[in-house]
1. Let me know the shape class of segment 210-298, please: from the alpha-carbon gyration tensor, a ≥ b ≥ c as square roots of the eigenvalues, rounded when a/c is under 1.5, otherwise prolate if a/b is greater than b/c, or oblate.
2. What nm distance separates the two modelled labels at LYS80 and GLU221, each placed 7 Å from Cα along Cα→Cβ?
3. Only bridges whose two residues both fall in the chain count here: according to DSSP, what percent of them are antiparallel, nearest 5?
4. Could you tell me the calculated FRET efficiency between LEU148 and LEU53, based on Cβ-Cβ distance and R0 = 35 angstrom, to the nearest 0.05?
5. Give me the angle, in degrees from 0 to 90, between the Cα long axis of helix 286-296 and the longest principal axis of the Cα atoms of the chain, rounded to the nearest 10.
6. If I take R0 = 45 Å and measure r between the Cβ atoms of LEU158 and ARG247 in this structure, what FRET efficiency does the formula 1/(1 + (r/R0)^6) give, to the nearest 0.05?
7. To the nearest 0.05, what FRET efficiency results for LYS261 and ARG195 with a Förster distance of 51 Å applied to their C-beta separation?
8. Compute the angle between helix 136-147 and the longest alpha-carbon principal axis of the chain, please, reported from 0 to 90 degrees and rounded to the nearest 10.
Amino acid sequence: MIQGLVMNTQKGLYNVKTEVGLLKCKLRGKLFKEQQTTKTLVVVGDKVLVEHLHGDQGLILEICARKSKLSRRGAGKKGKHLEQLIAVNIDQAILVFAAKNPPYNRNLIDRYIAACEAGGIEPIVCINKTDLIELVEVQIDVEYYRQLGYIVIYTSTLTGEGIAPLSHLLKDKLTVFSGSSGVGKSSLVNALFERELTQTGAVGETTHKGRHTTTSAQIYELPTGGMIVDTPGMREFGLFDAAEGVRNLFSDIEKLAINCKFSNCTHSHEPGCAVKRALDEGDIDPQRYESYQKLNSK
Ligand SMILES: Nc1nc2c(ncn2[C@@H]2O[C@H](COP(=O)(O)OP(=O)(O)OP(=O)(O)O)[C@@H](O)[C@H]2O)c(=O)[nH]1
Ligand SMILES: [Mg+2]
Ligand SMILES: [Zn+2]
């Protein structure tokens, strides 16, 4: 039995990096059965115990305990009640948003950050495609997240802005690139490697939506040390069991809420609501309040 790292998963086949090279692995029967009931059992970043069968073939016998995870609520009606793991055992996430095409909003950023906070991952906000806008257009949002203590970087794969600082952040870490389709995750991966390592696809001209070019998560090893995971863009990013992450992200509002008159206050209409009072007095950013309410109503 040997240890391995899951580099890529595709339709029941797992590419696992081991001391004897890259093995194409299937799941042992027992794990395979479990796979039928959970949305994703083995994911990119998993450390697994593998039996080397022959040639480049292997069998995954066991999944080792995970130290962190990035996950979301399963998409669609059927998957809604299941957790969908995007990547595990990662140190940090580059949460990629496009300054334009497709547009972002703060609530989306908040959801990604809350998922990271809940999963034990350091979130880094990356505003890509800065060549398409004037910086002042995103500066308020960027400053806002910086003030909350998060690292925010600007990048453009077109002009090369921010690529060197980004590369610096990735050294000796396992980093996942996550975000909606078309924001430029794969383009950033290519820019970091200075070659066309992975395919990219244009954003629809009328829809301003990405075309889901990347179809499975893949780990790439950086020549400078560290590894990055490119992931498929997500159509929706709902939170799964991330209440703690939301509390962390909104710890200032949570602190105020202790002073609400009712302990089950929803901060929407109740008398004696300390959160509403702070909002009225201009102590809480209205967009922040709105996003907080949205995340708590789900
Ligand atoms: N103007 C501009 N376009 C960019 C930039 N980065 C990426 N793009 C373009 O945006 C489109 C989408 O880029 P991708 O790298 O495929 O996006 P992705 O996030 O990997 O998308 P999925 O794989 O579908 O999730 C491509 O046409 C890229 O050329 C940028 O910094 N500026
Ligand atoms: Mg991609
Ligand atoms: Zn209240």
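The values are calculated or read from the model by the stated rules, or taken from the named source; none is laboratory data. Fair warning: this is a prediction, and the values are worked out from it, not measured in the lab. Ideal geometry is used to build each Cβ from the backbone, glycine not excepted, and the neighbour counts take in all protein chains shown. For the accessible areas, the whole protein counts, side chains as well, though only heavy atoms, and no ligand, DNA or RNA atoms are used. Shrake-Rupley method; radii C 1.70, N 1.55, O 1.52, S 1.80 Å.
1. prolate
2. Between LYS80 and GLU221, the label points sit 4.4 nm apart.
3. Antiparallel bridges: around 55 percent, rounded to the nearest 5.
4. 0.10
5. It works out to around 50 degrees.
6. Working from the Cβ atoms, E equals 0.75.
7. About 0.25, to the nearest 0.05.
8. Long axis of 136-147 versus the principal axis of the chain: about 90 degrees.
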